[in-house]
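What follows is a set of notes on a single structure, which appears directly below.
The values are calculated or read from the model by the stated rules, or taken from the named source; none is laboratory data. This structure is a prediction, so every number in the text was calculated from the model and none was measured. Glycine gets a Cβ as well: all are built from the backbone with ideal geometry, and neighbour counts include every protein chain shown. Ligands, DNA and RNA are excluded from the accessible area calculation, which covers all protein heavy atoms including side chains. Shrake-Rupley method; radii C 1.70, N 1.55, O 1.52, S 1.80 Å.
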Amino acid sequence: MLDDFLTRAALAGTGVAVAAGPLGSFVVWRRMAYFGDATSHAAILGVALALALGLPVIAGTTLVALAMAGTVSALAGRGWAMDTTLGVLAHSALAFGLVAVSFLPGVRVDLSAFLFGDILAVGRADLAFIWLGALAVAVLLAWRWQALLTSTLNEDLACSAGLHPGRERLVLTLSLAIVVAVALKVVGALLIAALLIVPAAAARSLARTPEAMAIGATLIAILATFGGLGLSITHDTPAGPSIIAAAAVLFALLLALSAVRRGQLSP
Amino acid sequence: MTALIEAHGLTVRLGGHEVLSGVDFHIAPGEIVTVLGPNGSGKSTLLRALMGIVAPSSGQITRAPGLRIGYVPQKLAIDRNLPLTVRRFLSLPRRVSDAQAMAALDRTGLPQALAGRQLGALSGGQLQRVLLARALLGNPQILVLDEATQGLDQPGEAAFYRLIEDIRAETGAAVLMVSHDLHVVMAASDRVVCLNGHVCCEGTPRVVSTAPEYRALFGLGTQGALALYRHEHDHGHDHAHDHPHDHSHPHEPHHHA
């Protein structure tokens, strides 16, 4: 079954969705959108580093994503003006990554595969990494769920209950780095943040509880993966962007649906 | 009786500015203490330091081991993108059963039908009571309320104070509250602490209202009158009076340097 590239692609997308749904919900709730951008753009730098040092790409991206996420998290903790700081970090990480890749001697790098993903070329080993990472993130988030949610709502409230918001922030930072590393092959560095935010935002319009939104985001991301892959196969469109486009269409549909519902409810 | 929370020489600096200097504080089990002070007097910082949220630059804070704190924040900024029903909120950070959640709503005078409502859709008064209900579900030894009656009208404020007093009587929980409302202080307060970066004066509500330090700090607007909401147990109706206490009082207030 895993011999079919389309099956592997669908499984890869589903794996990423399992982690991206709940993590993306936190990214939306905590207004960390730019945070996701900075971390995922830094992954390109990780690719360059891994290729230069002869390391596996996934190791390089995980390390650099972790370093970037940690830096951003530390800066946020010190009360920097995050909007500008993150903008600077996100764009310069991408620029430096692209420059670094061009310096690699004798290595022919298919940059677009890293920028936009190459889900149709996912191999068995990739698939194993994706599921391993995604499940690790899902288990981590499920384990810390109550504490994460309380800290997200109000840090003082969490502190007064004996929780440590700083520790929960670290959980999200680590999760983000892992998701960036495993999603790179699926949608590419430029669209990882979109995969986190768009399905979560789409799920928001119908959800009444945080859990419903997180699960809804995962289901929407899976649906978008199938839709995007279908479009890619039938119309030969790039797979990664097609998945995000499908998610965006779902977002618009669900938004319209909830508007209609609300219209019916109110007299 | 050992104190639930005790502070000695508490000094807190925030951004290079000394917000609190040399504050001594203690609260005993079952005691109601109101911290009164103008804006910027360090009231909220005092609460946050006592709860261990901000670290003191110097001084000592001792909390009873395993102290259960029920915190009612001043407000809760709920991101529009976070769907959260009242019922779900009551299960944070500890999951509670439906029966417990309903009992907490009942106790705080809220209809059970509110359980399914979104937190963001509540009125200020409802949200305040939901925050209190959540705090009570942790079976707290001390309730900490930060400007809990802000945004409530006067009858709402009186009713809220009555509720707090009843809860103290039932559960024996201590109550630590902060208010900038200089006109109205809960009459049931065992102690009022006037704060302005340091402790200006403290004592029973009546004693404090006659203290020269209190008059110096708050006297302009109120002519030194400290109005008290009284809990009239013999009255069956929901009505509160404020009583100015301008008459002289035999007790001397407890003065601080």
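Report yes if some residue within region A:100-121 is under 28 Å from A:Gly230 (Cβ atoms) and surrounded by fewer than 14 Cβ atoms within 10 Å (Cβ to Cβ); otherwise report no.
Taking region A:100-121 first, the residues under 28 Å from A:Gly230 (Cβ atoms) are A:110-121.
From what is left, the residues that are surrounded by fewer than 14 Cβ atoms within 10 Å (Cβ to Cβ) are A:110, A:112.
Taking every residue of region A:100-121 in turn, at least one turns out to be under 28 Å from A:Gly230 (Cβ atoms) and surrounded by fewer than 14 Cβ atoms within 10 Å (Cβ to Cβ).
Could you tell me which residue of region B:88-117 is farthest from the other protein chains (Cβ to nearest Cβ), considering only residues that are assigned to a helix (DSSP H, G or I) and surrounded by 20 or more Cβ atoms within 10 Å (Cβ to Cβ)? First the steps, then the outcome.
Initial filter on region B:88-117 (assigned to a helix (DSSP H, G or I)): B:88-90, B:98-107, B:112-116.
This time we only want the ones that are surrounded by 20 or more Cβ atoms within 10 Å (Cβ to Cβ), so: B:88-90, B:101, B:104-105.
On the way: B:Arg88: 5, B:Phe89: 8, B:Leu90: 12, B:Ala101: 14, B:Ala104: 15, B:Leu105: 17 Å.
Among those that are assigned to a helix (DSSP H, G or I) and surrounded by 20 or more Cβ atoms within 10 Å (Cβ to Cβ), it is B:Leu105.
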**Prompt:** Which of the residues belonging to region B:69-85 are crowded, with 16+ Cβ neighbours inside 10 Å, within 18 Å of the chain's Cα centre (by Cα) and more than 7 Å from chain A (Cβ to nearest Cβ)?
**Reply:** B:Gly70, B:Val72, B:Gln74
**Prompt:** When you scan region B:24-36, how many residues do you find that are buried (at least 21 other Cβ atoms within 10 Å of the Cβ) and of a type in the set (Asp, Glu)?
**Reply:** 0
**Item:** Which listed residue is surrounded by 16 or more Cβ atoms within 10 Å (Cβ to Cβ), among the aliphatic types (A, V, I, L, M) and farther than 23 Å from A:Phe35 by Cα, from A:Ala214, A:Ala239, A:Ala200
**Value:** A:Ala239
**Message:** Under 8 Å between Cβ atoms, which residue pairs at least 6 apart in sequence (or on different chains) link something in region B:151-177 that is among the hydroxyl-bearing types (Ser, Thr, Tyr) with a partner that is open to solvent by 20 Å² or more (accessible area, probe 1.4 Å) and part of a helix (DSSP H, G or I)?
**Reply:** B:Thr171/B:Leu136
**Request:** Kindly indicate the residue of region B:150-172 that is under 23 Å from B:Thr45 (Cβ atoms) and not polar (S, T, N, Q) and also surrounded by the fewest Cβ atoms within 10 Å (Cβ to Cβ) among those meeting that condition.
**Result:** B:Gly151
**Message:** I'd like the full set of residues that are in contact with a Gly (Cβ under 7 Å, 6 or more places away or on another chain) and either touching a residue at least 24 places away in the same chain (Cβ under 8 Å) or away from chain B (no Cβ under 14 Å) (or both), limited to region A:203-221.
**Reply:** A:Ala203, A:Leu206, A:Ala214, A:Ile215, A:Ala217, A:Thr218, A:Ala221
**Asked** Got at least one residue in region B:37-48 being open to solvent by 40 Å² or more (accessible area, probe 1.4 Å), out of contact with any Phe, Trp or Tyr (no Cβ under 8 Å at 6 or more places or on another chain) and in a loop (DSSP other than H, G, I, E, B)?
**Response** yes
**Prompt:** If a residue has to be assigned to a helix (DSSP H, G or I) and within 14 Å of chain A (Cβ to nearest Cβ) to count, how many in region B:118-127 make the cut?
**Reply:** 4
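Pick from region A:166-195 the residues that are within 14 Å of chain B (Cβ to nearest Cβ) and open to solvent by 10 Å² or more (accessible area, probe 1.4 Å): which of them is modelled with the highest pLDDT? So that I can check it myself, show each step before the final result.
Initially, region A:166-195 is screened for residues within 14 Å of chain B (Cβ to nearest Cβ), giving A:166-168.
Filter again for open to solvent by 10 Å² or more (accessible area, probe 1.4 Å), leaving A:166-167.
Working: A:Gly166: 87, A:Arg167: 91.
Per the criteria, the residue is A:Arg167.
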**Request:** Residue by residue through region A:138-156, note down the ones that are closer than 15 Å to B:Ser91 by Cα and touching a Leu at 6+ places or on another chain (Cβ under 8 Å).
**Result:** A:Gln146, A:Ala147, A:Leu148, A:Leu149, A:Thr150, A:Ser151, A:Thr152, A:Leu153, A:Asn154
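Look through region A:136-151, keep the residues that are touching a helix residue (DSSP H, G or I) at 6+ places or on another chain (Cβ under 7 Å) and either of a type in the set (A, V, I, L, M, F, W, C) or outside any helix (DSSP H, G or I) (or both), and return whichever of them is nearest to A:Ala189 (Cα to Cα).
A:Val137
Which of the helices (runs of 4 or more DSSP H) contained wholly in region A:1-101 include at least 3 residues that are in contact with a helix residue (DSSP H, G or I) (Cβ under 9 Å, 6 or more places away or on another chain) and without any contact (Cβ under 8 Å) to a residue 24 or more places away in the chain? Please lay out each step first, then the result.
Working: elements: A:5-29, A:33-53, A:57-77.
Helices (runs of 4 or more DSSP H) meeting the threshold: A:57-77.
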**Item:** Total residues in region A:122-165, condition within 11 Å of chain B (Cβ to nearest Cβ), open to solvent by 20 Å² or more (accessible area, probe 1.4 Å) and hydrophobic (A, V, I, L, M, F, W, C)
**Value:** 4
**Message:** Among the listed residues A:Arg31, A:Arg78, A:Arg8, identify the single one that is basic (Lys, Arg) and modelled with pLDDT of 90 or more.
**Reply:** A:Arg8
**Complete:** Checked against (1) closer than 22 Å to A:Ala10 by Cα; (2) at pLDDT 95 or above; (3) crowded, with 22+ Cβ neighbours inside 10 Å, A:Ile222 satisfies every condition except (3)
**Asked** Looking at this structure, is B:Val178 at pLDDT 95 or above and surrounded by 22 or more Cβ atoms within 10 Å (Cβ to Cβ)?
**Response** no
**Asked** Is it true that some residue in region B:49-56 is open to solvent by 40 Å² or more (accessible area, probe 1.4 Å) and away from every other protein chain (no Cβ under 12 Å)?
**Response** yes
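Would you mind stating whether A:Val198 is of a type in the set (Val, Ile, Thr), in contact (Cβ under 8 Å) with a residue 12 or more places away in the chain and away from chain B (no Cβ under 13 Å)? Outline the logic, then answer.
Values: of a type in the set (Val, Ile, Thr): yes; in contact (Cβ under 8 Å) with a residue 12 or more places away in the chain: yes; away from chain B (no Cβ under 13 Å): no.
For A:Val198, the condition - of a type in the set (Val, Ile, Thr), in contact (Cβ under 8 Å) with a residue 12 or more places away in the chain and away from chain B (no Cβ under 13 Å) - is not met.
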